[in-house]
Structures are given as structure tokens and as C-alpha cells.
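Worksheet for the structure shown next.
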Amino acid sequence: MFLAWRELVFARARFGLMGGVVALIAILVVLLSGLSTGLVNDGVSGLQRLPVTAFAFAEGTKTDSAFSRSTVNVDQAEAWKERQDVGDAAPFGNMLINAKATTSAGTQVPIDLALFGVEPGSFLAPAVSDGARLGDPDGLVVSQTVLDGGVSIGDTIVVDRLGTRFKVVGTTGDQRTFGHVDVAYLPLRTWQQVHAGAGPGDEVRDGAYEEATAIALRAKDGDRIDLSGGDAAAGTTSMTLEDSFSASPGYSAETSTLMLIQVFLYAISALVVGTFFTVWTIQRKHELAVIRAMGASTGYLMRDTMIQATVILTVSTAVGFLLGLGGGTLLTTTPMPFALEVAPLVFAALLLVGLGLAGAAAAVGRIVRVDPLAALGGQR
Amino acid sequence: MTTGSSTSPRPVARRADAKERGGLLVEGVTLTLGDGDATVTALDDVHLDVAPGEFVAIVGPSGSGKSSLLAVAGALTTPDSGRVLLDGVDISAASPREKARHRRERIGFVFQSGNLIPALTSLDQLRFALDVAGKRPGDGHDPRKLLERVGMGHRAGHRPHQLSGGERQRVGIARALVTRPAVLLVDEPTAALDRARSDDIVTLLAHETHESAVATVMVTHDHDVLGHCDRVLSMVDGRLTE
Ligand SMILES: Nc1ncnc2c1ncn2[C@@H]1O[C@H](COP(=O)(O)OP(=O)(O)OP(=O)(O)O)[C@@H](O)[C@H]1O
Ligand SMILES: [Mg+2]
């Protein structure tokens with residue numbers, strides 16, 4: 001402690017350089033963490049906000065295409081409802097459409113929507129912060145992000161090719177997106193018509209009104225659901241809500257790419273700190289030999305170096321995070337998928353400091369090998 | 001500059017009680033260095049007995065084993081045979097951990113060119129030595145007073161790169177003494193100094209040896225400074241002779 005602090009001050013330029021590198025990495029870590037959170041929100045916030053424990057898809061459905069490929073019969077919800085551990089079960093429709101919104105000012109804007117078909121009275125029906133609840137056959141309850149895009153409650157939305165007309169009746173008031181596309185809730189029956197490809201006045205093919213994408217399940221009192229048992233009874237393939245995130249378009253690729261970049265950043269940071277302290281230890285080899293000849297234990301010298309590492313890492317991570325948060329706050333106002341949340345940032349900061357300490361610890365192992373005998377003689 | 005020799009007690013009188021009262025006792029120490037065909041007998045049945053307050057110089061040609069003797073006496077190297085007693089305690093068979101403890105509790109080193117810590121001021125060099133030794137203020141010397149005593153009071157706030165060679169050596173001597181060691185081991189303290197400066201430093205060493213009643217062994221090539229020493233021994237091919 002005695003020497004650690006005085007050396008930090010004495011060699012402040014060198015320690016400052018390393019601290020600068022760690023601070024720059026910390027800035028990147030904040031920005032990437034924000035981007036990750038933003039991408040997760042954009043990819044699956046529509047699913048996250050559903051009061052759902054698990055989805056039961058058609059038997060044999062693969063995870064990566066579950067929402068676009070699966071078709072179940074609405075009656076399968078009944079089989080799930082009879083399960084002891086299932087509190088509620090309801091059919092859920094999911095499809096992506098292209099449409100044009102006509103605003104009250106008369107201008108037309110192209111808009112992509114993820115249609116969530118739910119029965120208006122079911123537990124899946126969304127709470128509304130503004131406007132009317134789900135109920136009208138042609139009434140849409142939309143994500144707040146649709147309104148942020150310039151569409152207002154009361155505006156008309158026309159589905160491309162089919163010509164089906166919807167009216168925006170309400171909003172959930174928060175961000176609900178699925179695969180970077182804004183979510184619009186609509187009554188299941190209307191969803192079934194669009195899903196069957198029936199425009200206004202068209203004949204709806206047989207069986208269309210029995211179809212849904214999956215059965216949404218809610219556990220009783222937050223309990224887990226015995227999925228394999230239920231699957232056997234209902235003839236479905238189910239997965240938890242979290243597992244179903246991977247069925248959101250692009251979700252796995254995006255999150256794993258960002259994960260990879262972050263893993264590299266943490267590794268680089270640990271290496272930079274480890275390399276610095278290795279060089280620092282080698283430079284001080286003679287000095288360390290003298291201190292050991294004076295009788296200092298290895299523990300005494302290691303503690304000193306670890307104190308230096310802790311101070312540098314904590315200060316530079318804090319500086320980097322403050323700068324990163326400053327820059328990140330500006331980004332949240334842009335259309336970029338970017339969101340700053342406390343938990344992932346705290347985790348990132350602890351990881352950065354922790355791995356840096358590990359790098360420093362690996363370097364101070366060299367202190368053990370410094371021979372106090374080297375202090376004798378005229379090396380310096 | 002005869003303060004050293006004039007205040008010097010008669011070494012012969014002191015030598016007798018070295019075993020009980022502390023000081024340094026080296027008994028029949030042999031040290032072989034290197035391995036295979038390249039083994040060298042650095043120390044060959046060496047006996048040395050230095051009483052507290054006695055200032056012993058060791059001279060000898062290069063490669064004769066002078067530094068090796070300091071290493072063995074200073075608990076830096078374990079001899080192949082023989083015993084080393086510091087302040088009455090046998091350190092020859094100690095583990096590396098115990099050796100480090102003996103070094104911080106019983107030994108002070110003065111190195112060739114001071115070997116001060118670059119980051120520390122003169123005063124902090126002394127405080128640091130106390131910190132390493134785990135001594136509380138009061139157990140050791142008062143760092144500021146000791147710095148005054150070696151004539152470095154006016155350089156207390158200077159770092160090594162702001163000091164001359166002789167000044168560095170003075171701080172080095174104060175650093176070695178601040179923990180009140182039983183034995184002071186000095187390795188060529190004047191190698192980097194001019195004649196007048198060398199004389200000053202050795203005078204200081206002699207004075208402090210007598211003042212602090214520490215058993216001092218100084219290795220040197222410099223025959224001009226031997227007048228300040230109580231006894232001069234010479235080393236040839238690992239053997240020590242009067
Ligand atoms: N690590 C070592 N391995 C092998 N031989 C060594 C080693 N260190 C020293 N020696 C040899 O041991 C002998 C004594 O060396 P030592 O350093 O004690 O001599 P010295 O009297 O201090 O010489 P100088 O006056 O040049 O400093 C020399 O012959 C040297 O070559
Ligand atoms: Mg030598």
C-alpha cells in the first residue's frame with residue numbers, strides 16, 4: 001500500500017496510458033451493451049410483454065421457423081386448459097404484413113406490421129394506454145412505436161394486395177416489436193381471414209377459422225408447466241417463452257454476433273492489463289529484487305500490484321462508462337435500436353474490472369520468480 | 001576524518017561475546033555454484049565472527065567469493081554446509097519464507113549504487129523500509145532524525161534521480177539502518193564515487209556501526225578507505241584470511 005500509491009503517482013503517465021485504453025474499451029462496452037439491449041427489445045419485446053409462460057406449436061415444429069411455419073387447431077387450447085399446471089391457454093396468431101397507412105392529413109406511408117391475432121376477451125388481449133381496447137373486427141391496437149412513426153389513432157391502414165382495411169383504435173403505450181417490426185394486435189377472427197389470404201368480400205376457405213399459429217400458455221400462479229406431458233396430451237411441440245425468442249427473425253444471428261464482439265472486447269481488455277503489468281514487472285525487476293532483499297514477502301509485493309490494478313481499472317472503467325453513457329443517451333434519441341438498462345451495464349462493469357484483475361494477477365506471478373540475490377552486484 | 005577509528009571500541013574485546021550478544025557468526029561455510037562441469041567453489045570453509053559495533057572490511061580479487069559471502073550471511077543463499085548465526089539465530093537451514101523474515105528483522109543491506117526506489121523521496125525510502133519490515137513507529141529509528149544524522153535532512157523530499165551518487169549512498173545507509181538491524185551488509189559502497197566522496201561514506205558507515213552497535217561487513221575494492229575499518233580480511237579463491 002505504501003509503495004503502490006506513490007508509484008501510481010510517480011508513473012502516472014504510464015498508468016494513465018493503460019487507463020486510457022481501458023476507458024476506451026469501457027466506452028465500447030457501454031455502446032455494445034446498449035446495442036444488445038436495443039436489439040433484444042427490437043427483436044422480441046412483443047413476445048417479452050405477452051403474459052405467457054410457453055408456446056405450444058404444431059407437432060414437430062423447429063425453433064428457428066416456429067412462428068412462420070407452425071399452424072395449430074384452436075381446439076388444441078382445450079386440451080392444454082385441462083392440464084393441472086396450466087392456468088390459461090388461448091390461440092395466438094402471428095404473421096408479418098406490408099401495408100399502407102393513410103394519415104388524417106391524407107398522406108400515405110408504407111408500414112410493416114407484425115399482426116398478433118388474439119381473442120379480445122382472452123388473457124392475451126393487451127392493456128391499452130390510449131384509445132379503445134381490442135374488440136372491433138377491424139380495430140388495431142398498436143405498439144407505441146407505430147404512433148412514433150407518424151400514424152395516429154383513428155388513421156386507416158390498408159393491407160397490400162388483399163386490400164383489407166383496418167382502423168387504429170388504441171395503443172399499448174410501450175414498445176412492442178417482433179423481428180424489428182412493430183406489433184399490431186387484432187381480433188383472432190380477423191387475423192384468420194388475413195392469414196387465409198381472404199380480402200374484403202372474398203370467400204374464406206374451409207377450416208381457416210380453426211387455425212392459429214400456436215397455443216399461448218400461462219402457468220398457474222407462476223409455476224412451471226410440464227411441457228412434454230402437455231405436448232403428449234394435446235399433440236403439440238411446445239417451448240418456453242425464452243426459447244421462442246430464437247424463432248424471432250434474425251434474433252439468434254444478431255445476439256450471437258454482438259456477444260462475440262463483446263467477448264473479444266473483454267478478452268482484449270484483460271490482455272492489455274495483463275501485458276501492461278507484465279512489462280511493468282519486468283521493468284521493475286531490479287527494484288523488486290532490492291525490495292525482496294530487504295525482506296518483503298511475495299504477498300506484500302503482489303498485494304501492492306493488485307492494489308494498483310484495482311485503482312486503475314476502477315477509475316478508468318468509471319470514466320469510460322460515464323463517457324459511454326453520455327454518448328449512449330444521444331443514441332437513444334435516434335432510430336438506432338439502442339437502450340441503456342442498469343442490470344446489463346452493472347454486469348459489464350464488474351466483468352471488465354474482474355477480468356482486468358485476472359490479467360494483472362496472471363502477470364504478478366512473475367514476482368515470485370524475482371531472485372533477491374540479483375540486488376547484490378552492480379547491475380545498476 | 002578519524003572519528004570512526006577514534007571512537008572505535010577495541011574489536012578483540014568484543015569478538016568474544018559475539019555468540020551471546022548477537023552480531024554475525026559464520027562457521028565452516030562452503031558454497032558451490034553452477035552445475036555440471038562448470039561448478040565453482042565460491043566459498044571454501046569460511047569462518048567469520050563479527051561483534052556488534054564492529055566494522056569489518058573484506059577485500060579480494062574479482063571472482064574470489066566476496067559477494068557470495070554477503071549472500072550467505074544475508075540469508076539470500078543457503079550454504080552447502082556450515083552454519084550462519086544472526087543475532088544468535090541459526091538461519092542456514094531456514095525456508096525461503098523464514099529467510100525473508102530474518103532479512104527484514106535482522107539484516108540491513110547497503111548496495112553498490114544505493115539501489116533506491118525511483119518513485120520514493122529520501123524520507124519515504126526510510127518509511128518504506130519500516131513498512132516492509134512491519135515495524136511500528138518507535139520500533140525503528142525515527143526516519144527524519146536518522147536522515148539528519150547521515151547529513152541528508154535537507155534532501156528529505158528529493159527523489160533518487162535528483163540526488164548525487166554520494167547522497168544516494170547516504171540515503172541507502174540510512175534506509176538499511178532504520179529498522180535497527182543486528183547485521184549490516186555492505187556491497188562495494190564506493191564503487192561509483194570519487195576519492196573524497198568514498199572517504200565520507202566509509203567514515204559514515206564506521207560512525208553508524210559504532211553508534212548503532214551493529215555488526216558490519218563491507219566488501220570493497222577500494223584500499224584507500226580501509227583505514228576506517230576495525231579489521232580487514234582478504235578473500236582469495238573462496239578462502240578468507242586475516
Ligand atoms: N550463479 C552462479 N553460477 C555459477 N558460478 C557463479 C555464480 N555466481 C558467481 N559464480 C562464481 O562464483 C565465484 C565467486 O563469485 P562472487 O560474485 O562471490 O565474486 P566476487 O568476489 O564478489 O567478485 P567481484 O569482485 O567481481 O564482485 C566466481 O568465480 C563466480 O564466477
Ligand atoms: Mg561481487
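Every read-out reported here was derived from the displayed coordinates using simple, explicitly stated rules and does not represent laboratory data. Since the structure is predicted, the reported quantities are computational estimates derived from the model, not experimental observations. Here Cβ is always computed from backbone atoms with ideal geometry, including for glycine, and neighbour counts include all displayed protein chains.
Each of A:Tyr266, A:Tyr209 has some number of other Cβ atoms within 10 Å of its Cβ, and from fewest to most they run A:Tyr209, A:Tyr266. Placing a label point 7 Å from the Cα of A:Thr333 along the Cα-to-Cβ direction, no residue of region A:128-150 has its backbone N under 13 Å from that point. Annotation: amide H of A:Asn94 within the under-5 Å range of A:Gly117, A:Thr213, sequence separation 5 or more or interchain, hydrogens built in the peptide plane. Largest first and in whole Å, the equivalent-ellipsoid semi-axes of region B:93-242 read 24, 20, 14, each the square root of five times a Cα gyration tensor eigenvalue. Per-residue Cβ neighbour counts within 10 Å put B:His223, A:His195 in the sequence B:His223, A:His195, beginning with the fewest.
Sorted into 5 angstrom bins from 0, the C-alpha pair distances of region B:17-96 split as 3, 15, 26, 25, 18, 9, 3, 1, 0 percent. A simple spin-label model places the labels of A:Leu271 and A:Asp130 4.9 nm from each other, with each point 7 Å out along Cα-to-Cβ.
The value obtained for region A:38-168, namely the Cα convex hull volume divided by the number of residues, is 138 Å³ per residue. Comparing B:Arg104, B:Arg195, B:Arg144 in a Gaussian network model of chain B, where Cα atoms under 10 Å apart are tied by springs, the biggest mean-square fluctuation is seen for B:Arg195.
Annotation: the residues B:Arg103, B:Arg231, sorted from fewest to most other C-beta atoms within 10 Å of their own C-beta, follow the order B:Arg231, B:Arg103.
Dipole check for region B:51-117: with +1 at the C-beta of Lys and Arg, -1 at the C-beta of Asp and Glu, and the Cα centre as origin, the magnitude is about 200 Debye.
Panel note: the C-alpha atoms of region A:117-219, placed on their principal axes, show extents of 38, 37, 25 Å (largest first). For the pair A:Gln108 and A:Phe2 in one chain, pulling the backbone fully straight at 0.36 nm per residue adds 31.0 nm over the alpha carbon distance. Normalised by 2.2 N^0.38 Å, with N the number of residues, the alpha-carbon radius of gyration of the protein assembly as shown equals 1.60.
An oblate overall shape is assigned to region A:165-246, the ratio a/c of its alpha-carbon gyration tensor axes (a ≥ b ≥ c) being 1.5 or greater and a/b not exceeding b/c. Mean sequence separation of contacting Cα pairs (under 8 Å, at least six apart), scaled by the length of region A:70-219, corresponds to a relative contact order of 34 percent. Compute the distance from the alpha-carbon center of region B:109-154 to that of region B:30-105, in whole Å. Between the Cα centre of region B:109-154 and that of region B:30-105, the gap is 25 Å. Need the C-alpha centroid separation for region A:88-122 versus region A:254-321, integer Å. Cα centroid of region A:88-122 versus Cα centroid of region A:254-321: 54 Å apart. What percent of all Cα-Cα pairs in region A:322-380 falls into each 10 Å bin, going from 0 up to the bin containing the maximum distance? Going from the shortest bin to the longest, the percentages are 17, 26, 19, 15, 12, 9, 2.
The Cβ shell under 11 Å around A:Asp371 holds other residues with a net charge of +3, Lys and Arg each +1, Asp and Glu each -1.
Could you give me D for region A:204-332, from Stokes-Einstein at 25 °C and 0.890 mPa s, where the hydrodynamic radius is the Kirkwood radius over C-alpha pairs? Units µm² s⁻¹, please. The calculation lands on 114 µm²/s.
Using the Cβ-Cβ distance between A:Arg161 and A:Ala358 with R0 = 51 Å, the FRET efficiency computed as 1/(1 + (r/R0)^6) comes to roughly 0.30.
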